[in-house]
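Undergrad: Quick one: structure below, then a few questions.
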Amino acid sequence: MRVVDLSHTMRTGMTVFPGDPEVSIRPSNTIEHDGFRVSHVQIGSHSGTHMDAPSHTESQGDDLSDIPLERMLGTALIVRVPDLGPREQVRLERVQSQLDSLDGESIVFFDTGWSRHFGGEMYQEHPFFEPEIARELLRRGVSVIGVDTLNPDLTPTREGDDESLPFHAAILGSGGVIIENLTNLSAVDWRRPTVIALPLSLGPLDGSPVRAVAVDGYELNDRPRKEQQ
C-alpha cells in the first residue's frame, strides 16, 4: 500500500490567507526544565491544508460538526491543469473533458502545480476557477472540491480585485465542502485514488486543518487489496 501526503507541514509564519491569524508553534515545556515536552500551537481554523465548511461564507450554512466524516473520504478524480500563469482564470471548457470521465466520484481535486510557490509571494497570485466549474461539479454530484492553491477564487491582492468569492458561494452555498492548500498532487500517478481528508474535532466551527492523504492499494469498505499474483 502506498500513501502520498497531500498536506503542507504546519510551521511558524507559514502562508495564510491575507488577514487570517498567523501560525505560531513554540515550546511550552521542555524535558530539561519540566521533565516532559509540550508545544504551544496557535493556528486559525483555515491554516495550512484545510477544509471550508459551508458556514465559512454562508450565514445559514452547515458547521464543521454537521458534516459527516464519511463525506471526507472516498474515491477521487484528480483533474490536471498544468502551465497556468499568475491570476489566470481556469474556464470550464479547459477541464470539461476530464470532468466527463467522472464515474460516481464525489471528490475532485485540481492539480495546477501552484503549490510549488507555497511560502513565497507568488503563491497569492495563483490561478483561480470560474464558478461555472463549481456548478458543473455540483450538477454531477460532486460535493468535495480541493485545490492546490490558496483559494479557488481570486485572492484579492490588488486594488479593485473582486472580493465576492463566487466559487465559494456556489459550492458552500449548496452545502458542499472546499479543501484549500493541497500539495504533492503530481505524485498521485494512479487513477481514482482513495482520498482521506479528516478535520479536527473542533465542534461547530467554520473550518479546520486536515491531514489529506491519497492511498493506492486500499479500497474503502474492503480489506487492503492484494497484489495480483
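Undergrad: Find the centroid of the Cα atoms in the stretch 78-156 and in the stretch 38-74, then give the distance between the two in whole Å.
TA: Taking the Cα centre of each part, the stretch 78-156 and the stretch 38-74 sit 19 Å apart.
Undergrad: While we're here: When the chain is treated as a GNM, springs tying every alpha-carbon pair under 10 Å, which of ALA187, ALA214, ALA134 comes out with the largest mean-square fluctuation?
TA: ALA187
Undergrad: Then there is this: In whole percent, how big is the carbon plus sulfur part of the accessible area of the chain, probe 1.4 Å, protein atoms only?
TA: C and S atoms contribute 47 percent here.
Undergrad: Amide H neighbours of VAL79 under 5 Å, at least 5 residues apart or on other chains, H built in the peptide plane: list them.
TA: Those qualifying (amide H under 5 Å, at least 5 residues apart or on another chain) are PHE109, PHE110, ASP111.
Undergrad: Okay, next question. Quick check on packing: order 73-80, 197-204 by the mean number of other C-beta atoms within 10 Å, highest mean leading.
TA: Highest to lowest by the protection proxy: 73-80, 197-204.
Undergrad: Let me ask another. First obtain the Kirkwood hydrodynamic radius of the stretch 112-229 from its Cα pairs, then insert it into the Stokes-Einstein equation at 37 °C and 0.692 mPa s, and state the resulting D in µm² per second as a whole number.
TA: Taking Rh from Cα pairs, D becomes 202 µm²/s.
Undergrad: Students often check this: by mean Cβ neighbours within 10 Å, which of 9-22, 143-156, 48-61, 29-42 ranks highest, and how do the rest follow?
TA: Top of the packing list down: 143-156, 48-61, 9-22, 29-42.
Undergrad: On to the next question. For the chain, what is the accessible area per residue in Å², given a 1.4 Å probe and the full set of protein chains?
TA: I get 52 Å² per residue for this part.
The values are calculated or read from the model by the stated rules, or taken from the named source; none is laboratory data. Source: prediction; values computed, not measured. Cβ coordinates were reconstructed from backbone atoms using ideal geometry, including for glycine residues, and neighbour counts include every protein chain displayed. Ligands, DNA and RNA are excluded from the accessible area calculation, which covers all protein heavy atoms including side chains. Shrake-Rupley method; radii C 1.70, N 1.55, O 1.52, S 1.80 Å.
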